[in-house]
């Protein structure tokens, strides 16, 4: 899907722009995509490596982690990364993507997927000052003022009241 001809890089940078459907296998395991993911990348030869500038735009729908209201959030990520021939990259270097130098094409699909996964928030809130749900009656405290009182139970910190330092 995101394949760059390494021979074409010698003539200058290569640009790719794709609208990838939300249900495409590349996004498998990423729930809540509401529209196609716009991916634009520019690859350029930088000596013994290939530098890639990547822009990703999408929208994700998740539940607020405090009140469970459905929230839509845009994802707008710009990132740059490098591909080096496997012989030039140090073994175990997780910050550099590698490719086999004898290859004529460079498939960027896995790197695009990884960068997109890093851009997707693990959770969202509807707003910074979200009050969440009442732990006793379950109402959304952003919509209804709750009359519940905190449970009077054993406080785990009460044991520290008896500690004396003489």
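Worth a mention:
- Options 63, 84, 77; residue that is surrounded by 14 or more Cβ atoms within 10 Å (Cβ to Cβ), modelled with pLDDT under 95 and within 19 Å of the chain's Cα centre (by Cα): 77
- Filtered residue count, region 102-127, keeping only those that are part of a loop (DSSP other than H, G, I, E, B), touching a helix residue (DSSP H, G or I) at 6+ places or on another chain (Cβ under 7 Å) and under 20 Å from residue 34 (Cα atoms): 0
- Scanning region 111-166 for residues that are free of Cβ contacts under 8 Å to residues at least 24 places away in the same chain, over 30 Å from residue 83 (Cα atoms) and under 26 Å from the mean Cα position of the chain (by Cα) turns up 127, 128, 129.
The values are calculated or read from the model by the stated rules, or taken from the named source; none is laboratory data. Only a predicted model underlies this, so the values are computations on that prediction, with no experimental measurement involved. Counting neighbours? That spans all protein chains shown, and the Cβs are built from the backbone with ideal geometry, glycine included.
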